[in-house]
Structures are given as structure tokens and as C-alpha cells.
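Worksheet: one structure, shown below.
The values are calculated or read from the model by the stated rules, or taken from the named source; none is laboratory data. Computed from a prediction, not measured in an experiment: that's the story for all the values here. A quick note on method: Cβ atoms are made from the backbone with ideal geometry, for glycine too, and the neighbour counts reach across all protein chains shown.
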Amino acid sequence: MERASGLLLHPTSLPGRFGIGELGEHAHRFVDFLADAGQRLWQVLPLGPTGYGDSPYQCFSAFAGNPLLISLQTLVEENALAPADLADAPSFPPERVDYGPVIQFKFDRLRRSFDYFQRHAAAEDRAAFEAFCTANAAWLDDYALFMALKDAHGGRVWNTWERDIARREPAALAAWRAKLSHEQRAWQYLQYQFFKQWQAVKQRANARGIEIIGDIPIFVAYDSADAWANRDLFHFDETGNSTVIAGVPPDYFSPTGQRWGNPLYRWEVMQARGFDWWIARCRSAFSLYDRVRIDHFRGFQAYWEVPADEPTAIKGRWVQAPGFELFRAIEQALRPADAPADYRLPIIAEDLGVITPEVEALRDAFHFPGMRVLQFAFVADTRSSYLPHNYVRNCVAYSGTHDNNTTVGWFNSLDAPTRKQVLSYTGTDGRQIHWDMARLLMMSVADTIVLTAQDVLGLDEAARMNLPGRPHGNWQWRLLPGQLTEDLAGRLREMALTYGRFDPTDHISATRAGA
């Protein structure tokens with residue numbers, strides 16, 4: 001990995017008039033801002049269709065895209081929606097996503113787009129849609145039926161449906177597919193539009209010398225097409241209920257641990273099948289992104305298994321996972337034919353928290369870069385691996401992640417001794433602590449640096465993206481139009497140039513290619 005830097009910004013946080021960030025004009029403008037700022041990376045959170053709590057880490061599918069990100073204006077421009085359908089759009093708060101009204105408005109317009117497409121689409125567009133459905137049938141057919149079934153059952157979880165369809169009995173599948181054929185078609189259409197728009201954004205980014213870093217949660221949501229369509233891959237009983245679930249054990253921060261509730265994989269079944277589901281998942285991810293961060297990487301070495309009937313995560317146990325065999329199989333299956341001898345999977349290991357030597361051995365065996373978060377660095381001594389003077393080259397260093405407070409919010413909350421330590425380490429007065437921390441990262445030996453958009457703007461805790469454990473009010477922050485200015489781009493560019501994270505010759509070439 002060459003020295004590079006970039007920004008973390010989920011597309012929902014982009015500005016725009018329809019209540020949530022979209023994959024249209026403002027996404028392309030953000031790419032241009034990154035290029036002008038000398039940044040070579042754009043990191044996003046999982047792009048899947050969100051469910052409970054609007055979390056991108058609890059999605060209805062590990063393969064599908066989030067229809068809420070589809071640009072309505074782009075649909076109009078491509079003759080897939082009537083201009084009049086946007087004329088009466090309500091006013092949404094520009095600084096945050098108000099998910100309830102946004103979901104109601106956008107899905108109404110997306111359904112209108114499907115109807116409009118059916119009536120007015122050109123032959124070549126219809127052919128492109130059919131080709132998309134055929135190419136992605138392995139996951140798309142189950143996902144479309146799952147979503148249509150959820151609508152038909154009032155949004156209820158799949159194990160509360162009629163027993164025959166919850167168990168995917170062949171006669172029930174055939175009957176429901178016939179009954180919901182129109183609805184399935186609509187869900188397929190939304191995926192077609194999402195992938196079409198996302199690929200346009202990614203192509204622009206790559207043309208301007210910018211790589212996309214995506215995100216794969218290790219586990220899937222229980223209420224997902226993945227769980228419903230692949231029951232044999234998970235620890236479910238005859239009724240479809242989980243027998244054991246994912247979590248983490250008690251620690252200093254949580255005396256009862258964390259009971260996540262995600263279904264756990266039957267790794268012995270996955271291994272017997274050659275890890276085909278995981279290979280397909282990674283193949284899909286690598287078509288969307290240039291690099292992939294895998295969340296909760298330690299779970300590939302050993303995971304905390306909690307009995308499903310336990311109210312907390314206290315009474316769990318560590319269970320070994322076949323991480324070496326899994327990543328070997330993925331590497332063999334997805335290695336490009338013309339790959340050099342030293343080819344490595346473009347994976348970033350989220351190795352935060354208490355990591356054992358066994359987890360480090362798994363990470364290092366495949367040369368995956370780990371993560372460093374600067375906010376975690378300031379403890380009693382100077383041996384912390386999160387302090388920049390202790391970094392290794394093969395890591396990705398962050399000012400903070402989506403789960404952290406903003407740098408300004410974090411600094412404002414520090415006690416006096418920790419604040420003194422931060423100021424001593426940075427050698428500053430803290431009045432521009434977000435830039436002080438960014439400079440520490442930029443000048444470090446870490447090959448890859450990622451700053452949050454909130455930190456570049458110097459925003460306080462009101463701009464925090466997620467507070468773990470808070471059931472509501474997360475994933476809402478948005479950029480305001482015009483916040484990412486030329487002055488900010490210039491400051492980032494100068495810093496990236498000073499610390500060898502961008503080559504202006506390559507930048508000029510990439511800019512011309514993307515013009």
C-alpha cells in the first residue's frame with residue numbers, strides 16, 4: 001500500500017434536497033472535492049438496505065444496496081421518473097436525516113419510478129435491466145422475494161410468517177412468487193438503479209485517482225434475506241429461531257458484555273461447501289469497492305457465542321473459527337489471473353479492542369493492515385499502539401471512526417490530566433485540535449490515513465454519527481451545502497503533499513482522465 005490519505009463520509013451524509021444523501025450530483029461533487037484536496041481515498045459505511053434503527057450494520061441483505069441512496073434527480077434526467085413527481089417534494093431538515101418522513105417520501109417516488117420505467121423505458125434500458133437481473137440472480141431473486149414477503153406481512157420478521165414460507169417449502173415459494181411477481185420486479189428494479197448509480201460514482205472516483213474503501217460487517221442481521229434463504233448456514237432450530245447468537249464478553253466498559261443478537265454461522269457447514277457464501281459475498285464487495293474493511297475481524301479467529309435465551313452476554317463462550325482456511329479460500333477464488341506473485345486481498349482488518357496474539361497471527365498471515373484510532377492513544381504511558389510514534393507502516397490510522405465522538409467533541413470532554421497529555425503530545429494549545437490530530441496522523445509512518453469529514457470541518461459532538469448502545473438518533477448527520485470549501489481543500493492538499501501522501505503529477509493525470 002502506498003502512502004495515501006482520505007476521508008470517511010457515508011453517502012447518507014451528503015447534502016441534497018430530498019432529506020438524505022444520494023448517489024447523484026453531490027456524490028460526484030464530493031469526489032471532485034477529494035481530488036482537489038489531494039486525497040486518494042473515500043471510505044464509506046456498509047451500503048446495504050437498512051432495517052431496524054437505520055443502522056448500516058443491520059441490513060436486509062449482505063449483497064443488496066440501499067434504495068434510499070438512489071438519486072431521484074438522476075432518475076428524472078434518465079427518463080425513469082416524471083419531473084412532476086418531484087415538484088411537490090416536502091421540505092426536509094438539511095442538517096440531519098429524519099428517516100421516517102424520508103422513507104415514506106422516497107419509497108413513494110421510487111415506486112412511481114418503477115411504474116414510469118415500465119411504461120416509458122427505451123428498449124436498451126429494458127435490456128440493461130434484464131441483463132442486471134440475470135447477472136445477479138443468485139442473490140437478487142431471494143432478496144426481491146424476501147422484501148416483497150416482508151411488505152405482504154406488514155414488515156414482520158420472517159420467522160413469524162406462515163410456517164411453509166418461513167421454511168421455504170417449494171410449493172409455498174412457487175405460490176408466493178406467482179402472487180408477488182409485480183412486487184418482486186419492483187424490488188429488482190430498485191437494485192438495478194442503485195448499482196447503476198453507484199458504479200457511475202465509483203467510476204468517476206477511480207478516474208480521478210480515488211479508491212473507495214467499503215465495509216463488510218462480519219455478521220448478518222437475523223431479519224435478512226441472507227438468514228431466511230440460507231437457514232442451513234446458521235445456528236437455527238426447526239422453527240427458524242436462533243439457538244446461539246453473537247456478542248462480546250463482559251469487560252471494563254460493560255459488566256454484562258454486549259448481546260448483539262446476530263445469528264452465528266455454522267462454520268463446519270460453510271467449510272464443507274468451500275466457503276461459497278463468503279466467496280460470493282467478497283466477490284460482490286470487491287465489485288463495489290477497491291478495498292474492504294471487515295468489521296469485528298477478531299471473530300474470524302474466535303467469536304463469543306451466547307445462548308439465545310440468555311438476557312445478557314455474560315454466559316457465553318469463545319468458539320474457534322476457521323479464519324485461515326476461509327481467507328485462503330477467498331484468496332484462491334478471487335485472485336486475478338494476471339495478479340503479481342505478491343498479490344494480497346485488498347482487506348483492512350478492524351482489529352480494535354482486546355486482540356490476542358492468535359488474532360494478530362491471522363491478520364499478519366495475509367498481510368492485512370490493522371487499524372489505529374488516535375482517540376484511543378492517550379492512556380497512562382507512551383507504549384500505546386495507538387500513539388503515532390508506535391505505528392507500523394502496514395496499518396490504517398484514523399482520527400476517529402463512525403462510533404467515535406468527533407475530535408473536537410472528544411477533546412472538550414477530556415479530564416484535565418488527559419487534556420494536558422494531548423496538548424503535550426501535539427505540542428499545541430488545542431485551539432485547532434482537529435488539525436493538530438490530523439497532522440500527527442499525516443506525518444506518521446502509517447501507509448493509510450483516514451479523517452472523518454466532521455473532523456476536517458472541526459465540528460463538535462452534535463455532528464457525531466453514532467453512539468453505540470443508543471437505540472435512536474444515530475446515522476443522521478449531514479453535510480450542509482458549501483461546507484467543504486476551496487480553502488479546506490487547499491489545506492488538506494498542502495498537508496497531503498507535505499507528508500508524501502499524494503503525487504501532484506499523478507493527480508494532474510487523474511484529473512484530466514476524469515474531466
- Task: Output the residue which, of all residues in region 368-396 that are out of contact with any Phe, Trp or Tyr (no Cβ under 6 Å at 6 or more places or on another chain) and of a type in the set (A, V, I, L, M), is farthest from ARG344 (Cα to Cα).
- Result: ALA380
- Would you check if ALA174 is more than 17 Å from SER61 (Cβ to Cβ), part of a helix (DSSP H, G or I) and either over 21 Å from the mean Cα position of the chain (by Cα) or without any contact (Cβ under 8 Å) to a residue 40 or more places away in the chain (or both)? yes
- Note on the structure: Checking GLY214, GLY247 in turn, the sole residue that is out of contact with any Leu (no Cβ under 9 Å at 6 or more places or on another chain), small (Gly, Ala, Ser) and part of a strand (DSSP E or B) turns out to be GLY247
- Item | Selection from region 261-285 of residues that are in contact with a strand residue (DSSP E or B) (Cβ under 8 Å, 6 or more places away or on another chain) and surrounded by fewer than 18 Cβ atoms within 10 Å (Cβ to Cβ) | GLY261, ARG266
- Please determine, by comparing only the residues of region 217-243 that are β-branched (Val, Ile, Thr) and surrounded by fewer than 21 Cβ atoms within 10 Å (Cβ to Cβ), which one is nearest to GLY154 (Cα to Cα). THR239
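Can you confirm whether region 377-385 contains a residue that is aliphatic (A, V, I, L, M) and farther than 25 Å from GLN39 by Cβ?
Yes, some residue in region 377-385 is aliphatic (A, V, I, L, M) and farther than 25 Å from GLN39 by Cβ.
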- Out of all the residues in region 225-235, which are closer than 21 Å to GLY48 by Cβ and either assigned to a loop (DSSP other than H, G, I, E, B) or free of Cβ contacts under 8 Å to residues at least 60 places away in the same chain (or both)? ASN230, LEU233, PHE234
- Task: With the checklist (1) part of a loop (DSSP other than H, G, I, E, B); (2) surrounded by fewer than 13 Cβ atoms within 10 Å (Cβ to Cβ); (3) at negative phi in hand, flag the one item GLY482 doesn't pass.
- Result: (3)
- Query: So which pairs qualify, if the first residue must be in region 290-301 and closer than 14 Å to LEU45 by Cα, the second must be assigned to a helix (DSSP H, G or I), the Cβ gap must be under 9 Å, and the two must be at least 6 apart or on different chains?
  - Reply: ASP290/LYS202; ASP290/ALA205; ASP290/ASN206; VAL292/CYS282; VAL292/ALA285; VAL292/PHE286; ILE294/PHE300
- Item | Tabulated pairs, region 261-281, first farther than 30 Å from GLU310 by Cα, second aliphatic (A, V, I, L, M) and part of a helix (DSSP H, G or I), C-beta under 6 angstrom, 6+ apart or interchain | ILE279/ILE330; ILE279/ALA333
- Output the qualifying pairs, or none if there are none: Cβ atoms under 6 angstrom, residues six or more apart or on different chains, first residue in region 1-23 and at pLDDT 95 or above and among the aromatic types (Phe, Trp, Tyr), second residue buried (at least 22 other Cβ atoms within 10 Å of the Cβ) and not in a loop (DSSP other than H, G, I, E, B). PHE18/LEU72
- Query: Can you list the strands (runs of 3 or more DSSP E) found entirely within region 265-346 that contain at least 2 residues being among the aliphatic types (A, V, I, L, M) and more than 18 Å from the chain's Cα centre (by Cα)?
  - Reply: 302-307
- Task: Among residues belonging to region 1-32 that are assigned to a helix (DSSP H, G or I) and touching a Phe, Trp or Tyr at 6+ places or on another chain (Cβ under 8 Å), point out the one that is farthest from TRP198 (Cα to Cα).
- Result: SER13
- Take region 390-406 and flag every residue that is touching a residue at least 12 places away in the same chain (Cβ under 8 Å), within 13 Å of LEU440 (Cα to Cα) and over 18 Å from the mean Cα position of the chain (by Cα). TYR391
- Query: For residues in region 357-384 being part of a loop (DSSP other than H, G, I, E, B) and more than 25 Å from the chain's Cα centre (by Cα), which is surrounded by the most Cβ atoms within 10 Å (Cβ to Cβ)?
  - Reply: PHE378
- Item | Residue among GLY430, GLY500, GLY514 that alone is of a type outside the set (D, E, K, R) and at pLDDT below 95 | GLY514
- Message: If I filter region 158-171 down to residues being among the charged types (D, E, K, R) and either in contact with a His (Cβ under 8 Å, 6 or more places away or on another chain) or in a helix (DSSP H, G or I) (or both), which single residue comes out as nearest to TYR222 (Cα to Cα)?
- Response: ARG163
